[in-house]
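For reference, the structure discussed in these notes is given below.
The values are calculated or read from the model by the stated rules, or taken from the named source; none is laboratory data. Model, not experiment: these values are computed from the prediction. Using ideal geometry, Cβ is built from the backbone for each residue, glycine included, and neighbour counts are taken over all protein chains shown. Accessible surface is based on the protein model in full, side chains and every heavy atom, while ligands, DNA and RNA are left aside. Shrake-Rupley method; radii C 1.70, N 1.55, O 1.52, S 1.80 Å.
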Amino acid sequence: MKISQDNLSSELNRNLFNCYLVSGDEHLLVQESIELIRSAAKKDGFLSRETYYQNDTFDWNDILVSSSNLSLFSEKKIIEIRLNTLRLGRSGSQSIIDLIQSQSDELMFIISSPKLDKIALSSKWVKYLQKKSGFIQIWPIQGDRLKTWLRIRMKKEGLIADRDA
């Protein structure tokens, strides 16, 4: 399900998915979205977290093993997967689908990636996640929207700037 970043907080209060895909090149906004998801998950009992970074030694089997090793008395767990490329290959693409298909209610996945291009949006794993999870695309803040965003941010911090600032 597509969720806009502006509506993420209210959507999290309404419905918590077991998987989220957060995509974009605005690192601060991606991180803030992930933190909102983590905070909502914590309220729902997800107290432990593991983070995996895609790199040269990245092995999907590590995540598969971790996700299947939940004990009867363990707390709910978030597994974060931070992708640095959208080209996962067949094994990576299928691994993500397998993870989501086999996950229990005790597990949540948060997958973050660079901005999804046209090829990635048509890939099997992204299409699957769009149907089965929360999908948040982060867009750059530009033009008049940037002014509004800055004004809201400053107000949250208790700062007031004049028009010239």
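Checking each residue in the stretch 90-110 for being of a type in the set (D, E, K, R) and in contact with a strand residue (DSSP E or B) (Cβ under 9 Å, 6 or more places away or on another chain) picks out 105, 106. Condition check: exposed (fewer than 11 other Cβ atoms within 10 Å of the Cβ) and either of a type in the set (Val, Ile, Thr) or farther than 24 Å from residue 137 by Cα (or both). Does residue 105 satisfy that? Against the criterion (exposed (fewer than 11 other Cβ atoms within 10 Å of the Cβ) and either of a type in the set (Val, Ile, Thr) or farther than 24 Å from residue 137 by Cα (or both)), residue 105 qualifies. Flag: residue 14 does not match the condition of being on the phi < 0 side of the Ramachandran plot, open to solvent by 70 Å² or more (accessible area, probe 1.4 Å), in contact with an Asp or Glu (Cβ under 8 Å, 6 or more places away or on another chain) and among the charged types (D, E, K, R). Selection within the stretch 61-82: residues that are among the polar types (S, T, N, Q) and open to solvent by less than 80 Å² (accessible area, probe 1.4 Å). The member of this set that is modelled with the lowest pLDDT is 71. If the condition is being part of a loop (DSSP other than H, G, I, E, B) and either open to solvent by 60 Å² or more (accessible area, probe 1.4 Å) or closer than 14 Å to residue 6 by Cα (or both), then the stretch 17-35 contributes 25, 26.
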